[in-house]
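Student: Supplied in structure tokens, the structure appears directly below.
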Amino acid sequence: MKHALSILRRGRYLALILLPVVPLMMAPSPGEVGGCGGTDGTANAQSYCEDVQELECYRQNARGEFSDSSGLGQCLAAVPRTCQAVSWPCMTPPTVREARACTDALRQQANLGLSRDRIPECASICADASPSPSTPPANDAAPTPMNDGGA
């Protein structure tokens, strides 16, 4: 009987030690964002366009491309119009993660002198190019206006 009580006590101690560890064993594995096999959704074209265009304004300002202090403000003020009605024209639009990788790369000081098509994280968006409001997009560039209103 004494031996049986000793085993039960050891079992209780073991349960107290393992109890906090069990929930960790049921959590998603590292790198499994969202868990349960969740997938990374498609990036929102308008949000991506606005983020990229705003970053381009700040990049141009940092490179000294504006002739006066109002240049940055004018550039930023044009962003909503530029990105008002955009969509992904490519067969496989970028995921949220891919779009974020591009905007993160645009923020890096080391990439300041590079155009978007020379930054790998951005060049891969919609196969070959990112949106550019001043020039019409190439083949599968992204995003582009949904309708140009004849202008």
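Student: Hey, can you tell me all the residues within the stretch 54-98 that are in contact with a Cys (Cβ under 6 Å, 6 or more places away or on another chain) and closer than 15 Å to ALA123 by Cα?
Tutor: The one that is in contact with a Cys (Cβ under 6 Å, 6 or more places away or on another chain) and closer than 15 Å to ALA123 by Cα: CYS90.
Student: Still on this structure, I have one more. Of the conditions (1) under 20 Å from ASN61 (Cα atoms); (2) part of a helix (DSSP H, G or I), GLY113 fails just one. Which one is it?
Tutor: Here GLY113 clears every test but (2).
Student: OK, next. Can we say ARG118 is modelled with pLDDT of 95 or more and not polar (S, T, N, Q)?
Tutor: Working: modelled with pLDDT of 95 or more: no; not polar (S, T, N, Q): yes.
Here the answer is no, as ARG118 does not meet what is asked.
Student: Now for a separate question. From the list THR95, THR82, which residue is touching a Pro at 6+ places or on another chain (Cβ under 7 Å) and either of a type in the set (Ser, Thr, Tyr) or surrounded by fewer than 19 Cβ atoms within 10 Å (Cβ to Cβ) (or both)? Before you say what the answer is, go through the steps one by one.
Tutor: Values: THR95 fails: touching a Pro at 6+ places or on another chain (Cβ under 7 Å).
The conditions single out THR82.
The values are calculated or read from the model by the stated rules, or taken from the named source; none is laboratory data. On a predicted model such as this, the values are computed, not experimentally measured, just so you know. Note that each Cβ is placed from the backbone with ideal geometry, even for glycine, and that neighbours are counted across all protein chains shown.
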